[in-house]
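Reviewing the structure listed below.
The values are calculated or read from the model by the stated rules, or taken from the named source; none is laboratory data. Since this is a predicted model, take the numbers as computed values, not measurements. Ideal geometry is used to build each Cβ from the backbone, glycine not excepted, and the neighbour counts take in all protein chains shown. When the accessible area is computed, the model is the full protein with side chains, heavy atoms only, and any ligands, DNA or RNA have been set aside. Shrake-Rupley method; radii C 1.70, N 1.55, O 1.52, S 1.80 Å.
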Amino acid sequence: MSNVDMSMTIEPKSDQLNADDLIAGPRVITITHVKAQMSSAEQPVAINYEGDNGKPWKPCKSMRRVLVRAWGPDGNDYVGRRLTLYCDPKVVWGGIQVGGVRISHMSDIAENITMPLTISRAKRAAFTVKVLSDAPAAPPPEAWAAKAKESIDACTTMEELIDFWKANNKHINALPEDIAKELTAAKDARKAALESQQGENQ
């Protein structure tokens, strides 16, 4: 008799990762892209991660403060780093406990970090993020470049292509010269295809 993964049957329908997605337990994510959404005052940042199935994590203000405190203000630096996210059922919104996504562990920090966070208008409490150890070995340049090319080919707009290239520029520049040139050629080819497509639609 085959195993039945019950956690797959309770996933909520949404366009983003939310607390209900983590009911089955914490999840370690590897960040692939950080995108600003300045049109949304409540959720100005979307963080994509490996295997997100089009459901990015949109951290609340308190978790954005944790990210900046631990990793600095440049979201492009977050690409390739890892987080452990969990559901905190005690998170209150509108006076009701609705639960929320919180960070428990982070890679790329030298030691545990404790900082005060606002949990209500009249109350602050210490929040601790622990070091995420046992980081996986970095993929070889060829494997990383192959995934990057897939992402480039999957871009459907110039904005997506530009955002991807900006988010991964530091990593691309660190690749061996021949591999970096191949990715640049793939980017230029995708750009030309999108421009041609745009011209046909006008």
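In terms of distances greater than 20 angstrom between alpha carbons, the cross-link table entries K55/K187; K35/K123; K35/K55; K61/K166 yield K55/K187; K35/K123; K61/K166. Remind me, relative contact order of segment 22-101 in percent, using alpha carbon pairs under 8 angstrom and six or more residues apart? That works out to 33 percent. The candidates E182, E160, arranged from most to least accessible area with a 1.4 Å probe in the full protein assembly, appear as E182, E160.
Residue separation times 0.36 nm, minus the C-alpha to C-alpha distance between Q16 and D77: what's the value?
On the way: separation 61, 0.36 × 61 = 21.96 nm, distance 2.17 nm.
Contour length minus Cα-Cα distance gives 19.8 nm.
At a 1.4 Å probe radius, which order do S107, S133, S40 fall into by accessible area, largest first? Let's see the in-between values first.
Details: S107 10, S133 70, S40 35 Å².
Result, largest first: S133, S40, S107.
Once the chain from N53 to K147 is taken as fully extended at 0.36 nm per residue, the excess over their C-alpha distance is 32.3 nm.
With R₀ fixed at 45 Å, the C-beta to C-beta distance from E200 to K130 puts the FRET efficiency at about 0.30.
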